[in-house]
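J.: Below you will find the structure I want to go over with you.
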């Protein structure tokens, strides 16, 4: 009896101990999950604020999204058949009748172009649904396509999975057909019901894309969107999905030109989110960018973050169409962006710490147009030719400082989970590369290990000449990826100077390349 009490007492003790350890373990994990948000105390010095900013990191879903780099938007709906950009909701579903719709073609084109995801316009502002929603009659179920049994969302999601692509949805909150729009509580429930259909019937969704377009309903009242309610539905049903643009995970870069900022911080003050301005400016031909707005050139500098109450990891997405319009229009067949323009956009988006979302609008057949494909494939050829050979492979690397376990070779080992960094407190560094032989090059790639934060603020790149070191390019932020272009040079020794960083700088990937033009010639510009 005594022995039983003794064992029971010890068992109870260990149970309590394990419970306490489990609590603190869970608390620790919970805190780790919140590292993409940091609060600034009123008494924090500038040094303390900068340190906090340096340690804000992406959530798991944000990091997975950033790695996609280049994705596709597919604008396709009843507008394709009415030759409009914005429908008014009075269109007859019978107009929707693509004769050769082939989602596998869409997926193959995107995969061959190097894209990693397709986002389809499941419902645009006209309210026409590309899936047979049970909450409206304004959908493909009342069209002649597939004898009313078709489901575009299903076909695209299946095609993406077969091609190894991620799948995302665009769902317009503005619905110009739905009678309940303007009755805010009623329409919000309608919208959440449609969200649930899309998030439960089509497998894994990696991105949910909202713009902020908003108008008056049939009752003459402006709809008030229940953003928090929409987010809750997404987090419950597709917790791995990022919520983009009018959401907490990914922000709009501010224009639809295809060009991001030369200084792009993923860590910005939370107060810079402005849903109303996004609503006014999203999908307009001309975008007015007032000062001190989140679409301004400077979002996350020291000057900006010193006044913040909260800093968040809020990365940039650059959306642009391969044509002037977002939907297909036959009179734009000769206005497709050239491969040179597409390459320039790539460098100015993916190469500026952003994700590129390029729109490819299928035509009335339901196919991506041949000339669009040709331009896209030539873009891919140029990029593949450029980044095929990293000239830093085999180079002798000398770093002015490095932390134990993070040698300089980690910058060129091709692994995303290893990185070079300096000892704590060392916020600048010089890294010298000696190539096996003299090389000709005109492109540079840098990648920070953003899993520990975005830190580099200013750097220059130099080559050794007979007269000494000569600067060939410079930059500010790096982030997930920074690509720089400069006139062709020939050299064997290259030097990277990180002049300013918010904490110990990190690099997990560094590459030196020659564009096809540079590789073909021997002329120094």
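J.: Residue 426: over 24 Å from residue 260 (Cα atoms) and assigned to a loop (DSSP other than H, G, I, E, B), yes or no?
T.: Taking the combined requirement at face value, the residue satisfies it.
J.: Of the residues 499, 483, which single one is within 29 Å of the chain's Cα centre (by Cα), within 20 Å of residue 422 (Cβ to Cβ) and assigned to a strand (DSSP E or B)?
T.: 499
J.: With the condition kept exactly as written, say whether any residue in the range 74-91 is without any contact (Cβ under 8 Å) to a residue 24 or more places away in the chain, out of contact with any strand residue (DSSP E or B) (no Cβ under 8 Å at 6 or more places or on another chain), over 25 Å from residue 210 (Cβ atoms) and part of a loop (DSSP other than H, G, I, E, B).
T.: Within the range 74-91, not a single residue is without any contact (Cβ under 8 Å) to a residue 24 or more places away in the chain, out of contact with any strand residue (DSSP E or B) (no Cβ under 8 Å at 6 or more places or on another chain), over 25 Å from residue 210 (Cβ atoms) and part of a loop (DSSP other than H, G, I, E, B).
J.: Still on this model: Yes or no: the range 380-398 includes at least one residue that is crowded, with 18+ Cβ neighbours inside 10 Å and within 25 Å of residue 100 (Cβ to Cβ).
T.: Yes, the range 380-398 has at least one match.
J.: Scan the range 115-136 and tell me whether some residue there is surrounded by fewer than 16 Cβ atoms within 10 Å (Cβ to Cβ) and either without any contact (Cβ under 8 Å) to a residue 12 or more places away in the chain or closer than 23 Å to residue 345 by Cα (or both).
T.: So far as the range 115-136 goes, no, none of its residues is surrounded by fewer than 16 Cβ atoms within 10 Å (Cβ to Cβ) and either without any contact (Cβ under 8 Å) to a residue 12 or more places away in the chain or closer than 23 Å to residue 345 by Cα (or both).
J.: So is residue 53 at pLDDT below 90 and outside the structural domain of residue 421 (by TED's automatic domain parsing) or not?
T.: no
J.: Could you count how many residues in the range 154-181 are surrounded by fewer than 19 Cβ atoms within 10 Å (Cβ to Cβ) and within 18 Å of residue 125 (Cβ to Cβ)?
T.: Of the residues in the range 154-181, 1 are surrounded by fewer than 19 Cβ atoms within 10 Å (Cβ to Cβ) and within 18 Å of residue 125 (Cβ to Cβ).
J.: Go through the range 303-353 and count every residue that is over 21 Å from the mean Cα position of the chain (by Cα), assigned to a helix (DSSP H, G or I) and under 30 Å from residue 446 (Cβ atoms).
T.: The number of residues fulfilling the criteria is 5.
J.: Please tell me if residue 451 is surrounded by fewer than 19 Cβ atoms within 10 Å (Cβ to Cβ), touching a strand residue (DSSP E or B) at 6+ places or on another chain (Cβ under 6 Å) and under 22 Å from residue 261 (Cα atoms).
T.: Judged against the criteria, residue 451 is not a match.
J.: Sticking with this one: Examine the range 449-472 for a residue that is touching a helix residue (DSSP H, G or I) at 6+ places or on another chain (Cβ under 6 Å) and touching a residue at least 24 places away in the same chain (Cβ under 8 Å), and state whether such a residue exists.
T.: yes
J.: Going by the conditions given, is residue 434 buried (at least 18 other Cβ atoms within 10 Å of the Cβ) and touching a residue at least 12 places away in the same chain (Cβ under 8 Å)?
T.: The answer is no for residue 434.
Residue-by-condition table, conditions (1) at pLDDT 95 or above; (2) under 15 Å from residue 314 (Cβ atoms):
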{"position": "236", "(1), (2)": "yes, no"}
{"position": "245", "(1), (2)": "no, yes"}
{"position": "254", "(1), (2)": "no, yes"}
{"position": "282", "(1), (2)": "no, no"}
{"position": "286", "(1), (2)": "no, no"}
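J.: Quick check: is even one residue across the range 201-220 surrounded by 16 or more Cβ atoms within 10 Å (Cβ to Cβ), in a helix (DSSP H, G or I) and assigned by TED's automatic domain parsing to the domain that holds residue 67?
T.: No.
J.: Sticking with this structure for a sec: Report whether or not residue 140 is within 23 Å of the chain's Cα centre (by Cα), buried (at least 22 other Cβ atoms within 10 Å of the Cβ), at negative phi and in contact (Cβ under 8 Å) with a residue 12 or more places away in the chain.
T.: Here the answer is no, as residue 140 does not meet what is asked.
The values are calculated or read from the model by the stated rules, or taken from the named source; none is laboratory data. Because the structure is a prediction, the values reported are computed rather than measured. Heads up, the Cβs are rebuilt from the backbone with ideal geometry, glycines too, and the neighbour counts pull from every protein chain shown.
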